[in-house]
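The values are calculated or read from the model by the stated rules, or taken from the named source; none is laboratory data. All of these numbers come straight from a predicted model, not from anything done at the bench. Cβ sites come from the backbone with ideal geometry, for glycine too, and all protein chains shown count toward neighbours. Quick note on the areas: whole protein, heavy atoms, side chains included, nothing else; ligands and nucleic acids left out. Shrake-Rupley method; radii C 1.70, N 1.55, O 1.52, S 1.80 Å.
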Amino acid sequence: MAKTKFTKQQYLKWYEDMLLMRKFEERAGQLYGMQKIKGFCHLYIGQEALVAGAMTVLKPEDNMITAYRDHAHALGKGTSARAVMAELYAKSTGCSKGKGGSMHMFDSKNRFFGGHGIVGGQIPLGAGIAFAEQYLGTKSVTLCYMGDGATRQGALHETFNMAMTWQIPVIFIIENNNYAMGTSVERTSNVTDLYKLGLSYDMPSEPVDGMSVEAVHEAIEKAVEHVRAGKGPYLLEMNTYRYKGHSMSDPAKYRTKEEVEAYKAKDPIEMVLKTIQEKKYASDQELETIHNKVKDIVEDSVKFAEESPYPDPSELFVDVYVQADYPYIVE
Ligand SMILES: Cc1ncc(C[n+]2csc(CCOP(=O)(O)OP(=O)(O)O)c2C)c(N)n1
Ligand SMILES: [Mg+2]
């Protein structure tokens, strides 16, 4: 059996965290089909290790920002399943008061800064949050996630240049799931090893196996150490896969069944489960307890969302513009 530097507690946390993300989204997908959830909805199923592996490294005072495929990030950063589900239902108890929906989860108290629908829009915003931390002299690190599609945006290059010039404490994470909607990386990028984009700015840049939560943890740990030491930005390209379509209306005809199956064979949750079982970190009964706990959290979130009220019409113009003073707590 291979030796691992990780503890039993870490494996069990990864298992529970990823299972919650997966079960939560499977239920969200079902509720979408029942028209309980409307509008846009992009699922993260298959990509869970990218967030779970970071959460065993980050401190509560570290920041996170991402694109619209954001349910798992919010859950990982500590937003309750209730607040995420209620947001999907557009209810006033949602983390964005029911006015953001699936693409705009936001939870400043847990230092989760969205949830952004404009592809690549969060890249300069993430660097901006990190700049604020540097300016104020804190030790907080900012994780800025983006899709492979976002790397073709001009904003990425402007941000990379400025972030390196000013040595901003930010870690850019490319979630390379091979597709931007139905368009493969090969069709739109001359450079398909996307981590190499950082090299022309002299940014430390590495590829990571995003199906392995251990590899994600190790890469983030190394990057965080670098950034916290004041050595400037870091870029990680995490190779991953989304099992579901781009959004709820995508039949995913641009890829083969074999391709999907090959990734599912490396499923991050199954891999962690295998280690837990091999190392006897939990009995079957203990695993069942975790499953039941996760199921209860998800069902409780659905009940909470169902029973919550919609925002009052008078809320329409509230929070459109806010004064977001440090530490960005918006009441
Ligand atoms: C500026 C901009 N252009 C186009 C779109 C339409 N759009 C929404 S998602 C998407 C694909 C993005 O893919 P990727 O960055 O790889 O993220 P993934 O969906 O794979 O997580 C596009 C083109 C948009 N939202 N914003
Ligand atoms: Mg993509």
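Quick one: of Lys109/Lys293; Lys23/Lys109; Lys23/Lys279; Lys59/Lys295; Lys91/Lys293; Lys91/Lys303, which pairs are farther than 20 Å apart, Cα to Cα?
Values: Lys109/Lys293 25 Å; Lys23/Lys109 25 Å; Lys23/Lys279 24 Å; Lys59/Lys295 27 Å; Lys91/Lys293 24 Å; Lys91/Lys303 12 Å.
Table pairs above 20 Å Cα-Cα are Lys109/Lys293; Lys23/Lys109; Lys23/Lys279; Lys59/Lys295; Lys91/Lys293.
Are there GluC sites (Glu not before Pro) in the range 11-107 that DSSP marks as loop and that have at most 12 other Cβ atoms within 10 Å, and which are they? Don't jump to the answer; show the numbers that get you there.
Numbers: sites: Glu16, Glu25, Glu26, Glu48, Glu61, Glu87; in loops: Glu48, Glu61.
Passing both the DSSP loop test and the Cβ count: Glu61.
Rounded to the nearest 0.05, what FRET efficiency do Lys280 and Glu221 have when you use their Cβ-Cβ distance and R0 = 22 Å? Mind dumping the intermediate values first?
Working: r = 26 Å, r/R0 = 1.17.
E between Lys280 and Glu221, to the nearest 0.05, is 0.30.
What distance in nm lies between label points placed 7 Å from Cα along the C-beta direction at Glu258 and Asn190?
Placing both labels 7 Å beyond Cα along the Cβ direction yields 3.1 nm.
Using the Cα centre of the chain as origin and beta-carbon charges of +1 (Lys, Arg) and -1 (Asp, Glu), tell me which of Tyr234, Leu156, Ile290 is placed farthest towards the positive end of the dipole.
Of the listed residues, the answer is Ile290.
How much of Asp267 can a 1.4 Å solvent probe reach, expressed as accessible area in Å² and rounded to 10?
About 10 Å², rounded to the nearest 10.
Using only DSSP helix segments of four residues or longer, with each worth -39500 (n - 2.57), what per-residue ellipticity at 222 nm results for the chain after dividing by its residue count and rounding to 500? Let's see the in-between values first.
Working: 11 runs with 138 residues, N = 331.
Here the helix-only value at 222 nm equals -13000 deg cm²/dmol.
Any idea what the dipole of the chain comes to, in debye rounded to 20, about its Cα centre with Lys/Arg Cβ at +1 and Asp/Glu Cβ at -1? All intermediate terms of the calculation are to be shown ahead of the outcome.
Values: 38 positive and 44 negative charges, 50 e Å.
So the magnitude is around 240 debye.
Only bridges whose two residues both fall in the chain count here: according to DSSP, what percent of them are antiparallel, nearest 5? Intermediate values should be presented prior to the final figure.
On the way: 3 of 24 bridges.
Among the beta bridges of the chain, antiparallel pairing accounts for roughly 10 percent.
If the chain between Lys295 and Asn161 were fully stretched, how many nm would it gain, using 0.36 nm times the residue separation less the Cα-Cα distance?
Result for the pair: 43.8 nm of gain on full extension.
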